[in-house]
1. Among the listed residues ARG59, ARG93, identify the single one that is surrounded by fewer than 16 Cβ atoms within 10 Å (Cβ to Cβ), of a type outside the set (Ser, Thr, Tyr), at pLDDT below 70 and more than 14 Å from ILE114 (Cα to Cα).
2. What is the residue count in the stretch 1-32 for residues that are surrounded by 13 or more Cβ atoms within 10 Å (Cβ to Cβ) and among the small types (Gly, Ala, Ser)?
3. So, in the stretch 20-61, exactly how many residues are assigned to a helix (DSSP H, G or I), over 16 Å from SER224 (Cβ atoms) and either free of Cβ contacts under 8 Å to residues at least 60 places away in the same chain or not small (Gly, Ala, Ser) (or both)?
4. Hey, does the stretch 225-245 have a residue that's modelled with pLDDT under 65, in a helix (DSSP H, G or I) and surrounded by 12 or more Cβ atoms within 10 Å (Cβ to Cβ)?
5. Do we find that ASN249 is outside any helix (DSSP H, G or I) and either in contact with a helix residue (DSSP H, G or I) (Cβ under 9 Å, 6 or more places away or on another chain) or at pLDDT below 60 (or both) in this structure?
6. Pull up the stretch 62-90, narrow it to residues that are modelled with pLDDT under 70 and of a type in the set (A, V, I, L, M), then point me to the one that is nearest to SER121 (Cα to Cα).
Amino acid sequence: MIELILVFFGNYLIEFMVSLLSVALVLRWVSYRHSKRDEAYFSHFTRELSATIDEDKARGVDFDGLEDYLTNILGRVNQKLPDRSLRKNLKKRGDTRIEAVSLRDYVGSKHGLIASIQNESSVFNSRVPPNYSQLTERVLNDDKNWSKLFGFFPVDGVSRILDMLPTMFIVLGVFGTFIGISMALPEIAKINFNDLESSGKTLSQFVVNVTFAMNTSIAGIFFSIILTLLNTVSPIETTRESTFEKVENVLQILWYHLQTDQKKRSNDQIMPKMLTLMERVCNLLESDKDKKSKAG
């Protein structure tokens, strides 16, 4: 088994590395576009939700059922979202028409961000402040647009593999160097130094094996540099972290709006009742005092 692996990589290691780089570049391009679309769409949603909360605060909107109000405010936000792509609904390339994803469908679908937030209604109904980082992680991971690439591949898993590939190419290059050396060393034993002319073919094979060893290291370093530069110039993880923070902030605003503002409204409703009750008690005391004075 080991001999077969050595023979395969001894003949096709560089081709294997080129194929791996091609797949990595395609996955990286798709993942980066996916993360940028999430950032654009989710940022638009968080702005609309924050603006709707501010509107309700300014108008002093009252609500009795928290879950019903949560559904109501998320539904209103969804209606405000454009039923089109953030860029263009239809792009033309010659005679080809490409339909873009609707922002409303992207965020408000059955497995979208709005549905994920509604599934956490028990957290928003609790008086105890949640761990917003864990809440955001649950909400986003329930959204297939955030967590899956092509609806199948985990985005975080693909991102980790892409981050690991520069190191892997270095390892493959070193691996190829050792394979080349291991193939070159036996050729030295075949060389007849007293008759170098007859050993020409052996010397040629020795040079080929040493060249292979050097080429694999060069290819591994070069491919590693390419992916490292791409990871630095257009980082996928940084874009996703920025989107995560925006969603986390708006969930925190939403919880305080549902709990703190509701508590304030409850206090505002209770205070007049308490004042009325106190007036009645004072009137009863005054009435009782007058009765006692008349009886005396």
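The values are calculated or read from the model by the stated rules, or taken from the named source; none is laboratory data. Given the structure is predicted, the values throughout are model-derived calculations rather than measurements. Cβ placement follows ideal geometry from the backbone for every residue including glycine, while neighbour counts extend to all protein chains displayed.
1. Being surrounded by fewer than 16 Cβ atoms within 10 Å (Cβ to Cβ), of a type outside the set (Ser, Thr, Tyr), at pLDDT below 70 and more than 14 Å from ILE114 (Cα to Cα) holds for just one of ARG59, ARG93, which is ARG93.
2. Looking only at that region, the number is 3.
3. Residues meeting the conditions: 29.
4. Looking for residues that are modelled with pLDDT under 65, in a helix (DSSP H, G or I) and surrounded by 12 or more Cβ atoms within 10 Å (Cβ to Cβ), one finds none in the stretch 225-245, hence no.
5. For ASN249, the condition - outside any helix (DSSP H, G or I) and either in contact with a helix residue (DSSP H, G or I) (Cβ under 9 Å, 6 or more places away or on another chain) or at pLDDT below 60 (or both) - is not met.
6. This residue is LEU86.
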